1. Search the stretch 1-20 for residues that are under 13 Å from V82 (Cα atoms) and pair each with any residue that is open to solvent by 10 Å² or more (accessible area, probe 1.4 Å) and not in a loop (DSSP other than H, G, I, E, B) when their beta-carbon atoms are under 7 Å apart and the residues are at least 6 apart or on different chains.
2. Can you name every residue in the stretch 1-23 that is in a loop (DSSP other than H, G, I, E, B) and open to solvent by less than 30 Å² (accessible area, probe 1.4 Å)?
3. Applying the selection to the stretch 147-171, what residues are open to solvent by 50 Å² or more (accessible area, probe 1.4 Å) and touching a His at 6+ places or on another chain (Cβ under 8 Å)?
4. Determine whether R134 is modelled with pLDDT of 95 or more, of a type outside the set (A, V, I, L, M, F, W, C), within 14 Å of the ligand (Cβ to nearest atom) and out of contact with any strand residue (DSSP E or B) (no Cβ under 7 Å at 6 or more places or on another chain).
5. Given the conditions (1) in contact with a helix residue (DSSP H, G or I) (Cβ under 8 Å, 6 or more places away or on another chain); (2) part of a helix (DSSP H, G or I); (3) closer than 17 Å to G33 by Cβ, report the number of the one that Y160 does not fulfil.
6. If I182 satisfies all but one of (1) part of a loop (DSSP other than H, G, I, E, B); (2) among the β-branched types (V, I, T); (3) under 16 Å from the mean Cα position of the chain (by Cα), what's the number of the condition it fails?
7. Output the qualifying pairs, or none if there are none: Cβ atoms under 6 angstrom, residues six or more apart or on different chains, first residue in the stretch 53-67 and in contact (Cβ under 8 Å) with a residue 60 or more places away in the chain, second residue assigned to a helix (DSSP H, G or I) and near the ligand (Cβ under 6 Å from one of its atoms).
8. Output the residue which, of all residues in the stretch 55-113 that are among the hydrophobic types (A, V, I, L, M, F, W, C), in a loop (DSSP other than H, G, I, E, B) and away from the ligand (no atom under 12 Å from the Cβ), is most open to solvent (accessible area, probe 1.4 Å).
Amino acid sequence: MLNIVIFGAPGSGKGTQSERLIREFGLDHISTGDVLRKEIKEGSALGKTASEYIDKGQLLPDELIAEVLAKVLDEKEGSNGVIFDGFPRTIPQAIALKKILNKRATDVTVLINLHVAEEELIKRLLERGRISGRSDDNLDTIKSRLDVYHKQTLPLADYYIEEGKHVLIAGEGTVDEIFDRIKKALAELNN
Ligand code: AMP
């Protein structure tokens, strides 16, 4: 299985590049943010809990989100591989993911870290908020999400560097240019 963690700050293009990877490699996609937004729309108990965190730009508790992830992953049985988008976001989540995958006789193949300058991130997120109306794409929430990213999520890069699974990609330029960089990096992994 080709299991890719697509990693980067909010607005770094994880969703956009995931779409390209799905088409190119026939992978499944799990975006924990999308799963939670669907739960919110449906008005479920999980959705109600999730919206309290999402609207403040904070992360849901690790154990809760790991449970959600394991459940969604079981729906993808028989897959060629999965793109994990927005999960893991903390070191305990990375450890949980390893356990969840090992239990299913697989593991993370690679983490793709999309690097984008902070000013560009804020510009992209404000633009997305204008178009999509996502409740957390407003300046106050964007600032807390970026703060959470730096404090809780960025340390994960070191975890995957130690595992020898970290690939850094310049996340600015056209969608095609960035995707070409990702494809090249993945091809090099196989050599
Ligand atoms: P995203 O669409 O990935 O930017 O996620 C939107 C929001 O959903 C985040 O700001 C968090 O509040 C919540 N969320 C998504 N994935 C996770 C995760 N792995 N751990 C904790 N909270 C998450």
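The values are calculated or read from the model by the stated rules, or taken from the named source; none is laboratory data. Small disclaimer: the values here were computed from a predicted structure and weren't measured. Positions of Cβ are backbone-derived with ideal geometry, glycine not excepted, and every protein chain shown enters the neighbour counts. These accessible areas exclude ligands, DNA and RNA; they are computed on the full protein's heavy atoms, side chains included. Shrake-Rupley method; radii C 1.70, N 1.55, O 1.52, S 1.80 Å.
1. Listed pairs, sorted by first residue: L2/F25; I6/K14; I6/D85; S18/H29; S18/D85.
2. Of everything in the stretch 1-23, those that are in a loop (DSSP other than H, G, I, E, B) and open to solvent by less than 30 Å² (accessible area, probe 1.4 Å) turn out to be N3, A9, P10, G11, S12, G13.
3. Within the stretch 147-171, L168, A170 meet the criteria.
4. Answer is no for this residue.
5. Condition not satisfied by Y160: (3).
6. I182 satisfies all of (1) part of a loop (DSSP other than H, G, I, E, B); (2) among the β-branched types (V, I, T); (3) under 16 Å from the mean Cα position of the chain (by Cα) except (1).
7. Close Cβ pairs (under 6 Å, with a partner that is assigned to a helix (DSSP H, G or I) and near the ligand (Cβ under 6 Å from one of its atoms)) amount to G57/R145.
8. A105
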